[in-house]
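> This structure is in structure tokens; I'll ask about it shortly.
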Amino acid sequence: PYGYVRDADDKEKWLIDEPAAEIVRHIFRLCLAGQGPSQIARQLEAEQVLVPSAYYESIGRKHSNTIPKNPYSWDTATIVHILQNRQYTGCAVNFISTTVSYKVHKTIYNPVEKQQVIPNMQEPIIDEETWLRVQQLRKNKRRNTVTGRKSLFSGLVYCADCGAKLHFCASK
């Protein structure tokens, strides 16, 4: 994961890559401050923080992704992946995905109950409490209106027909 590097002596051991780990901590702090993934991505772009593939290229580390034209243009999916990755707490997570069979290579993601979490496998970048708090905040997302008003029930009330979250809509 972004923020870790393999130990040169022991390939099974991960060491903290401090400049990248500081960015990961910054992303979690911004989420705890109430910002969503797109807001975090815009702020990182404004602060001129390199995206992971551009950062790997700058330090000479191998990677499989292409470098974007703008090396500071963070994608919201990258932010979401960092915020949901439990490995930043020092755990190893096994059985995240599987395939249909050895012939069909379609990836199927396992539910959290079927995943195996092994604690204390590497040094944590963030603590478990922070990770759990971020997951709780991300589960109860609230949508602001254009006017900046928030409804008391925004993100908490669901549609009886389709199950989607209802949000406050101010009209003229």
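> Considering only the range 36-44, I want to know if a residue exists there that is farther than 17 Å from Tyr2 by Cβ and in contact (Cβ under 8 Å) with a residue 60 or more places away in the chain.
Looking for residues that are farther than 17 Å from Tyr2 by Cβ and in contact (Cβ under 8 Å) with a residue 60 or more places away in the chain, one finds at least one in the range 36-44, hence yes.
> Turning to a different aspect of this structure: Being of a type in the set (Gly, Ala, Ser) and in contact (Cβ under 8 Å) with a residue 12 or more places away in the chain: is that true of Gly60 here? I'd like the intermediate steps shown before the answer.
Working: of a type in the set (Gly, Ala, Ser): yes; in contact (Cβ under 8 Å) with a residue 12 or more places away in the chain: no.
Against the criterion (of a type in the set (Gly, Ala, Ser) and in contact (Cβ under 8 Å) with a residue 12 or more places away in the chain), Gly60 does not qualify.
> Does the range 130-172 hold any residues that are open to solvent by less than 60 Å² (accessible area, probe 1.4 Å) and at pLDDT below 70, and which are they?
Thr145, Gly148, Ser151, Ser154, Gly155, Ala170
> Then there is this: Identify the single condition in (1) out of contact with any Lys or Arg (no Cβ under 7 Å at 6 or more places or on another chain); (2) of a type in the set (Phe, Trp, Tyr); (3) surrounded by 14 or more Cβ atoms within 10 Å (Cβ to Cβ) that Tyr102 does not satisfy, given that it satisfies every other one.
Result: Tyr102 passes all but (3).
Quick grid of which residues meet (1) of a type outside the set (S, T, N, Q); (2) part of a loop (DSSP other than H, G, I, E, B); (3) farther than 25 Å from Val134 by Cβ:
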| position | (1), (2), (3) |
| --- | --- |
| Ala54 | yes, no, no |
| Asn65 | no, yes, no |
| Pro71 | yes, yes, yes |
| His81 | yes, no, no |
| Thr98 | no, no, yes |
| His105 | yes, yes, yes |
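> List the pairs whose first member sits in the range 127-151 and is part of a loop (DSSP other than H, G, I, E, B), whose second member is modelled with pLDDT under 70 and open to solvent by less than 60 Å² (accessible area, probe 1.4 Å), and whose Cβ atoms are under 6 Å apart, counting only residues at least 6 apart or on separate chains?
These pairs meet every condition: Asn140/Gly155; Lys141/Gly155; Arg142/Ser154; Arg142/Gly155; Arg143/Ser154; Thr145/Ala170; Thr147/Ala170.
> A further question on this structure: Could you tell me whether the range 113-126 includes any residue that is over 17 Å from Pro1 (Cα atoms) and not in a helix (DSSP H, G or I)?
yes
> Among the residues of the range 105-129, which ones are aliphatic (A, V, I, L, M) and surrounded by 13 or more Cβ atoms within 10 Å (Cβ to Cβ)?
Initial filter on the range 105-129 (aliphatic (A, V, I, L, M)): 108, 112, 117-118, 121, 125-126.
Residues satisfying the conditions are Val117, Met121, Ile125, Ile126.
> Only one residue in Arg25, Arg42 is in a helix (DSSP H, G or I) and open to solvent by 70 Å² or more (accessible area, probe 1.4 Å). Which one?
Values: Arg25 fails: open to solvent by 70 Å² or more (accessible area, probe 1.4 Å).
From the options Arg25, Arg42, the qualifying one is Arg42.
> Only residues that are touching a helix residue (DSSP H, G or I) at 6+ places or on another chain (Cβ under 9 Å) and open to solvent by 50 Å² or more (accessible area, probe 1.4 Å): list them for the range 51-67, please.
If the condition is that a residue be touching a helix residue (DSSP H, G or I) at 6+ places or on another chain (Cβ under 9 Å) and open to solvent by 50 Å² or more (accessible area, probe 1.4 Å), then Ile59, Arg61, Lys62, His63, Ser64, Asn65, Thr66, Ile67 are the ones that fit.
The values are calculated or read from the model by the stated rules, or taken from the named source; none is laboratory data. Quick caveat, the model's predicted, so the values are computed rather than measured. Cβ: placed from backbone, ideal geometry, glycine included. Neighbour counts: every protein chain shown. Please note that ligands, DNA and RNA were not included when accessible areas were found on the heavy atoms of the full protein model with its side chains. Shrake-Rupley method; radii C 1.70, N 1.55, O 1.52, S 1.80 Å.
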